[in-house]
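Take a look at the structure below.
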Amino acid sequence: MSATAGRSTTNTSRPLVCLVAAAVGAVFLLTGILGFVPGITTNLYEGLELAGNDGNAMLLGLFQVSVLHNIVHGLYGVGLVMARTAAGARTYLIGGGIIYLGLWIYGLVIDTAKETNSANFIPLNDADNWLHLGLGAGMIALGLVTSRTHARS
């Protein structure tokens, strides 16, 4: 008698794209929460502004944040919900990645006129811009690669 006798051979595990989207969503949710935690975010009490680039609160001492910025990170936790289906997970990763690439371009444009541009409502620094580029490209790549793997199985 074989070792698999009596066991179901159907694969009930979640698609990789769903697992990846859930992990990304969880990291974003955690990041949004940590943006309000003293010690994790420096200058939290005196430097955290609602929006704009006037504040000097820094997540991990590196990334400039505001209340709005932290809330948006938390809302990106929607990946936890969208990860319930492969199509939702793929949409979250690719769509979210496109939004982050747009934010990267926004950061490059706004940086050239930092104090004079009224469209500067998000606190961004060079570390934020590089992170947004990496997140955008990474999320799109993960959405494409992991959903392709799901389509073949």
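Net charge dipole, the range 16-152: roughly 860 debye, given to the nearest 20, about the Cα centre with Cβ charges of +1 for Lys and Arg and -1 for Asp and Glu. Here the relative contact order of the range 27-75, from alpha carbon pairs under 8 Å that lie six or more residues apart, stands at 43 percent. Maximal additional length on extending the R148-I40 stretch stands at 35.2 nm, based on 0.36 nm per residue less the C-alpha distance. The spacing between the range 86-101 and the range 11-61, judged by their C-alpha centroids, is 18 Å.
Full extension of the segment from A87 to L19, taken as 0.36 nm per residue of separation minus the current Cα-Cα distance, would add 23.2 nm.
Just so you know, all these numbers are worked out from the coordinates, no wet-lab data involved. Bear in mind the structure is a predicted one, so any value in this text is a computation, not a measurement. Positions of Cβ are backbone-derived with ideal geometry, glycine not excepted, and every protein chain shown enters the neighbour counts.
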